[in-house]
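Reviewing the structure listed below.
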Amino acid sequence: MTTATLGGTYTFPGTSLTVNRIGYGAMQLAGRGVWGPPPDPDGAVAVLREAVAAGVNHIDTSDFYGPHITNQIIRRALHPYSTDLVIVTKLGSRRPPDRSWKPAITAAELTEGVHDNLKNLGLDALDIVNYRTIGAIHGPAEGSIAEQITVLADLQRQGLIRHIGVSNVTPTQLAEAQTIAPIVCVQNNYNLAYRHDDALIDDLARQRIPYVPFFPLGGFTPLQSSTLSSVAERLGATPMQVALAWLLHRSPNMLLIPGTKSLAHLRENLAAGALTLSSETLRELDSIEQAAAPAAPRH
């Protein structure tokens, strides 16, 4: 793979961190339900190593995946890390023994989360930490996040965090966070069939802030569309490759983190960066309308 075939590069604002636009999301490396170890730990290590060998230098993870499992697999596979590898993690949840997703938003919980990420990744400082709100079933819910961003800003001053991002937030919450600390990325639910953030994406592009869609392929409910399938067949690609290519074409500040535990799917995802979509094809894909708002899992 080359920089060009991975969608080109993008630099997080106010940083020296430049990444290829197709990265990798580590959530699926944990076991079923994002809990416990995967059935094939060696296979998970192989996926990570092949991703990095192919040019991926942006990995998205969290210590509450597993919990602890994905970060431990990343460390096993890739430590010591290449100097150009950017690992982005997130805080805001915890996984109690009943396997539910609970908020972890107090100063003590956020601080503990940073130290857990540092320990399990084997790092002295975290490149980027996203504060992720739990939100509502269908997406973010309004409410102040000032207290949590202030905690992260303090941890940044201590040298434990280099940069701060936000996840599952509204434009109002983003603006509030930006009054407290520079925000270098936004990670929200967005894909070809779920486009609630169109205006936000355009605003972030003007600010040169990356937008990182989670569930770029629909998450636990994969995208399905006869139009998408028709375009894919015409291009000799898979529907998921076309969906990823559409995101790359959507805006230059779009960074992708598709996840998989399969080497075959990893290769398919990375190959999406080489797809060129004509203006006519883009208009055809843009015509896909969302039938109903999907329920985004609380991760």
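Couple of notes before you dig in:
- Measuring how big the stretch 1-139 is from its alpha-carbon positions, Rg and Dmax come out at 15.1, 44 Å.
- Taking amide H positions as modeled 1.01 Å from N, with prolines and chain starts lacking one, the residues under 5 Å from Met254 and 5 or more places away or on another chain are Tyr211.
- Anchor Lys119: lysines whose Cα lies under 23 Å away (excluding residues fewer than 8 positions away in-chain): Lys90, Lys102
- Based on the Kirkwood approach, the hydrodynamic radius assigned to the chain is 19.2 Å, with every pair of different Cα atoms included.
- Placing +1 on each Lys and Arg Cβ and -1 on each Asp and Glu Cβ, with no other charges, gives the stretch 85-200 a dipole about its Cα centre of roughly 280 debye.
- Each peptide in 7-14, 179-186 gets a packing score, the mean of other Cβ atoms within 10 Å over its residues, and the list from highest to lowest is 179-186, 7-14.
- Among 46-57, 68-79, the peptide with the highest mean count of other Cβ atoms within 10 Å heads the list, and the full ranking is 68-79, 46-57.
- Per-peptide packing, taken as the mean over residues of other Cβ atoms within 10 Å, places 89-101, 165-177, 17-29 in the sequence 17-29, 165-177, 89-101 from highest down.
- The gain in end-to-end length when the Ala175 to Ser144 segment is fully stretched comes to 10.1 nm, 0.36 nm per residue minus the alpha carbon separation.
- For Gly139, distant residues with modelled amide H under 5 Å away: Ala296
- Bridge orientation summary for the stretch 44-161: considering DSSP beta bridges with both residues in this region, about 25 percent are antiparallel.
- Note on the stretch 21-80: with charges restricted to the Cβ of Lys and Arg (+1) and Asp and Glu (-1), its dipole about the Cα centre is near 60 debye.
- Scanning residues 5 or more positions from Ile164 or on other chains, those with amide H under 5 Å from its amide H are Val129, Val184, with H placed 1.01 Å from N in the peptide plane.
- With the helix formula -39500 (n - 2.57) applied to DSSP H stretches of n ≥ 4, the chain reaches a computed 222 nm mean residue ellipticity of -10500 deg cm²/dmol.
- When its C-alpha radius of gyration is set against 2.2 N^0.38 Å (N residues), the stretch 1-42 gives a value of 1.66.
A short reminder: the numbers here are calculations on the coordinates, not readings from a lab. What you see is a predicted model, and the numbers here were worked out from it, not measured in a lab. Counting neighbours? That spans all protein chains shown, and the Cβs are built from the backbone with ideal geometry, glycine included.
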